[in-house]
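This report refers to the structure that appears directly beneath it.
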Amino acid sequence: MADAAVERRWRSYGTDRRSTRPIRVRTSAALVALTVLTVLLVPPLVQLDQQAVDLAAKLQPPSWAHPFGTDDVGRDLLLRCVYGMRVSLLVGVAAAVTATVIGTAVGATAGALGGWVDRGVMRLVDTFSSVPHLLLGIFIVAMFRPGVWPVVVSVALTHWLSTARIVRAEVLSLRSRPYIDAAVSGGASRWRVAVRHLLPAVLPQAALAAVLMVPHAVWHESALSFLGLGLPTHTASLGTLIQSARGSLLAGQWWPTLFPGLFIIVPTLAIAGLAGVWRERINPRRRSELML
């Protein structure tokens with residue numbers, strides 16, 4: 001009886017989730033589109049200097065003149081958040097693409113060659129995985145001067161591991177397919193099999209991994225910038241905005257911290273939501289899993 005009740009609850013949960021999926025997809029798509037249009041169109045259309053200081057208007061609460069309020073030196077917080085989201089998305093997309101390229105190359109090589117190459121590569125992946133991402137990222141970014149590209153390198157070098165595992169597993173499953181055996185029997189070299197057959201087959205999984213990695217990269221960049229190790233403090237990124245608002249929060253001004261935080265959470269969750277739907281479509285057998 002208990003097992004039947006549990007099964008009914010799970011079926012009801014699955015039905016409710018499927019019924020709300022179109023709403024979730026539309027909401028996520030609208031938020032992602034709004035974010036992209038905002039970061040692309042607002043800076044060239046709004047001819048205001050986001051670095052302009054107005055000490056007479058510092059720490060003003062949200063109003064019609066400043067919908068998100070102002071920061072501790074009187075700069076418009078809405079404009080600063082838009083510029084910060086622009087920088088954070090640049091870092092996130094660049095790091096995600098770089099990490100996906102590295103992970104795809106490593107995973108495809110390990111899966112296609114097999115043997116001692118596969119064992120050696122996977123031991124390397126396990127070694128890197130044993131170190132916390134943030135700690136390794138701090139170590140990497142500390143070797144460079146603060147800037148955008150050191151953060152991209154840091155995030156990329158700490159986030160390619162999961163992609164390598166996914167691509168390797170996909171390549172290993174593809175190697176047993178009849179058309180791969182036929183290509184090998186026909187005299188095709190390993191390189192030709194990998195380039196003509198294996199790599200195109202794993203590209204959808206690699207592209208999905210890249211999209212899922214963008215929220216992680218944005219959060220990672222924000223964490224590094226909040227710690228003062230990512231971008232310079234004068235550069236508007238979401239992490240630096242929250243870092244510079246710590247004193248205001250302790251003084252009771254909540255808006256300099258709340259709105260940059262929402263700019264981190266809402267768009268990245270929307271991207272993850274769309275990627276989750278994409279994942280269900282290309283791999284429907286694993287719909288019950290959630291990958292964020």
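The values are calculated or read from the model by the stated rules, or taken from the named source; none is laboratory data. Everything quoted here is computed from the prediction, not taken from an experiment. Heads up, the Cβs are rebuilt from the backbone with ideal geometry, glycines too, and the neighbour counts pull from every protein chain shown. These accessible areas exclude ligands, DNA and RNA; they are computed on the full protein's heavy atoms, side chains included. Shrake-Rupley method; radii C 1.70, N 1.55, O 1.52, S 1.80 Å.
One line per residue, one yes/no per condition, for (1) surrounded by 12 or more Cβ atoms within 10 Å (Cβ to Cβ); (2) at pLDDT below 80; (3) closer than 24 Å to residue 86 by Cα:
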residue	(1), (2), (3)
5	no, yes, no
9	no, yes, no
14	yes, yes, no
18	no, yes, no
23	no, yes, no
34	yes, no, yes
37	no, no, yes
47	no, yes, yes
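Let me confirm something: among 142, 112, which residue is open to solvent by 40 Å² or more (accessible area, probe 1.4 Å), aliphatic (A, V, I, L, M) and touching a residue at least 60 places away in the same chain (Cβ under 8 Å)? So that I can check it myself, show each step before the final result.
Details: 112 fails: open to solvent by 40 Å² or more (accessible area, probe 1.4 Å).
Exactly one of 142, 112 is open to solvent by 40 Å² or more (accessible area, probe 1.4 Å), aliphatic (A, V, I, L, M) and touching a residue at least 60 places away in the same chain (Cβ under 8 Å), namely 142.
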Looking only at the range 81-104, and only at residues there that are more than 15 Å from the chain's Cα centre (by Cα) and open to solvent by 30 Å² or more (accessible area, probe 1.4 Å), the one that is nearest to residue 239 (Cα to Cα): 83
Out of all the residues in the range 66-78, is one or more within 21 Å of residue 237 (Cα to Cα), within 20 Å of the chain's Cα centre (by Cα) and charged (D, E, K, R)? no
The residue that is surrounded by the most Cβ atoms within 10 Å (Cβ to Cβ), considering only those in the range 49-73 that are modelled with pLDDT under 80 and small (Gly, Ala, Ser), is 57
